[in-house]
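Worksheet: the structure to be examined is printed underneath.
The values are calculated or read from the model by the stated rules, or taken from the named source; none is laboratory data. None of the values given here were measured: they were computed from a predicted structure. Because the Cβ atoms are built from the backbone with ideal geometry, glycine has one as well, and the counts that use them run over all protein chains shown. Accessible surface areas use protein heavy atoms only, side chains included; no ligands, DNA or RNA. Shrake-Rupley method; radii C 1.70, N 1.55, O 1.52, S 1.80 Å.
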Amino acid sequence: MITGGLSVLDPKLTDTGIPATNSRIFVGIPDYKSNILAEYHLPVLTGAFLNFDWQHVGRRPIDDINSAYTPQYNLFDLGVRYTTRVMGKLTTFRVTANNVSNVHYWSTLGPGSITGQSTGSYLGHLGEPRLITASMRFDF
């Protein structure tokens, strides 16, 4: 199974009343973003799946006048899932590795003001570093 999406935007500030910010790109919004998720059923083991996720985010302005941008980035996630019965109950085991290449990125950027009138304070959250998780789920 493969699914994906692509968003192409033109996120311009309009009618700000400030020449320096009018017709500029809104803080933190990329021109494009894409995602592809693939899941493969292992034919040799019933209930076993491999999965892969790729996200690409374009560069984003970090201030209202677009004087600087964050770089674009790619995130890759890998995982395995196995579902079986344990004591008669459907049980799913998962192991995932998110941000496999340990990319350093800004997950969230926000403006100091949504009107294009910079107050000098902006919002930025660091993206999640490489993270490996394991879980087990019992259905009752």
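For Asp10, Asp31, Asp15, give me the order by solvent-accessible area with a 1.4 Å probe, most accessible first, ignoring ligands, DNA and RNA.
In descending accessible area the options line up as Asp15, Asp10, Asp31.
Say the dipole of the chain comes from +1 at the beta carbon of Lys and Arg and -1 at that of Asp and Glu; which of Met87, Thr133, Ser23 then lies farthest toward its positive end?
The residue sitting farthest along the positive end of the dipole is Met87.
To the nearest 10 square angstrom, what accessible area does Phe49 show with a 1.4 Å probe?
Approximately 50 Å² for this residue.
Expressed in whole Å with the largest first, what are the equivalent ellipsoid semi-axes of segment 1-84 derived from the C-alpha gyration tensor as the square root of 5 times each eigenvalue?
After diagonalising the Cα gyration tensor, the semi-axes are 41, 11, 8 Å.
What nm value, rounded to one decimal, do you get for the distance between Ser107 and Leu6 when each label is placed 7 Å out toward the C-beta?
2.7
Given the whole protein assembly as supplied and a 1.4 Å probe, what does the accessible area of Phe138 come to in Å², nearest 10?
Surface open to solvent at Phe138 totals about 80 Å².
Mind grabbing the accessible area of Tyr32 for me, 1.4 Å probe, Å², rounded to tens?
Near enough 90 Å² of accessible area.
If you roll a 1.4 Å probe over the chain with all protein chains in place, what percent of the accessible area is carbon or sulfur?
So the carbon and sulfur contribution to the accessible surface is 61 percent.
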